Amino acid sequence: MAEQKVLRTPSGDIACHLLDMDGVLVRGMTPIVRSAEYVQLLVDRSVPFMVFSNNSRFTPEVMADRLNSVGFQLDSSKIYTSALATAEFINLQKPNATCFPIGEEGLKQALQDQNLQYDDVAPDYVVVGESVDYSFQELTKSAQLVASGARFVGTNQDTSIPSESGAIPACGAVCALIEAATGVAPYFIGKPNPFMMRAALAKLGKDPSDTIMVGDRIDTDIMAGMELGLQTVLVLTGASAESSLGKYPYRPSLIVPSLYHLSVHMGFEADC
Ligand SMILES: [Mg+2]
């Protein structure tokens with residue numbers, strides 16, 4: 001018989017959910033079987049939750065539209081990206097800081113929303129986000145500004161992103177280029193930096209002990225959740241296989257074949 005562990009908060013409520021997006025809700029833009037139904041169960045029961053993505057290309061509004069076009073019914077306020085976390089981080093460190101961003105609308109909008117102004121002459125921060133359209137000119141400018149003393153921040157350390165045509169170099173790889181040119185290492189805000197989860201919990205007004213992190217990667221989602229003191233759930237619909245668990249010194253609290261299988265553990269369904 002399958003393991004049936006009920007994850008509840010210390011007071012007995014259903015735990016607040018932090019849901020990784022890629023590999024948990026969707027793969028690329030293909031929805032994972034019954035994941036939209038599970039999200040709807042959370043909405044119907046007013047369980048607090050947030051959908052997480054390390055991808056800083058898109059605004060939450062665009063991401064919600066993309067998810068809703070494949071069967072979800074999500075409000076953009078439920079989406080938290082590494083771009084939002086990065087803008088929040090910079091605003092906490094230095095309110096009204098100036099930034100030279102390279103990336104796409106998701107990052108630029110997030111910086112603007114935190115009142116962080118664009119500066120390509122002597123910015124406080126060079127901020128590198130995800131893009132499929134980096135220009136050599138921008139990279140050169142970023143490296144020169146970092147060499148001149150701008151603080152160097154990346155939205156996420158992922159070095160590649162899978163796509164239909166093969167892996168695409170990602171933010172971490174582009175930051176590595178600037179690091180090689182300048183000798184200055186970036187500071188990354190997205191997962192597995194627990195800052196991103198702490199910021200989301202603060203938004204939801206929840207404590208780690210009231211929250212579960214659901215992810216498909218042992219070395220980012222599960223590690224960051226564990227370090228923050230959340231219960232962690234590994235789904236087997238993405239990057240990490242159960243067979244790789246032995247390589248890591250930490251384990252998830254629970255392993256389920258897919259997100260929808262959590263409904264048994266939440267007491268939503270008798271069986272799936
Ligand atoms: Mg993932």
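Bear in mind these aren't lab numbers, they're just calculated from the coordinates by the rules spelled out. Not measured: the values here are computed from a predicted model. Cβ: placed from backbone, ideal geometry, glycine included. Neighbour counts: every protein chain shown.
Quick notes on this structure:
- Its alpha carbons considered, segment 83-188 gives a radius of gyration followed by a Dmax of 12.9, 41 Å.
- Estimated from helices alone, the mean residue ellipticity of the chain at 222 nm is -9000 deg cm²/dmol (sum of -39500 (n - 2.57) over DSSP H runs with n ≥ 4, per residue).
- In plain terms, the bigger the Kirkwood radius, the slower the diffusion; for the chain, with that radius from Cα pairs, at 37 °C and 0.692 mPa s, Stokes-Einstein puts D at 171 µm²/s.
- In this calculation the C-beta distance from Val184 to Asp133 is compared with R0 = 22 Å, giving a FRET efficiency of 0.40.
- Beta bridge orientation in segment 83-188: antiparallel %, DSSP, nearest 5: 15
- Where the Cα pairs of segment 120-234 fall when distances are cut into 10 Å bins, in %: 14, 36, 28, 19, 3
- Most mobile of Glu179, Glu164, Glu104 in a GNM of the chain (Cα contacts under 10 Å): Glu164
- Among beta bridges from DSSP that stay inside the chain, the antiparallel ones total about 15%.
- Estimated translational diffusion coefficient (Stokes-Einstein, Kirkwood radius over Cα pairs, 4 °C, 1.567 mPa s) of segment 1-126: 79 µm² per second.
- Candidates Gly183, Gly166, Gly225: whichever shows maximal mean-square fluctuation once the chain is modelled as a Gaussian network with Cα springs under 10 Å: Gly166
- Net charge of neighbours whose Cβ lies under 14 Å from the Cβ of Ala202, counting Lys and Arg as +1 and Asp and Glu as -1: 0
- Proximal lysines relative to Lys94, as straight alpha-carbon distance under 21 Å, when same-chain residues fewer than 8 apart are discounted: Lys108, Lys203
- Most mobile listed residue (Pro249, Pro162, Pro48) in the chain, GNM with C-alpha springs under 10 Å: Pro249
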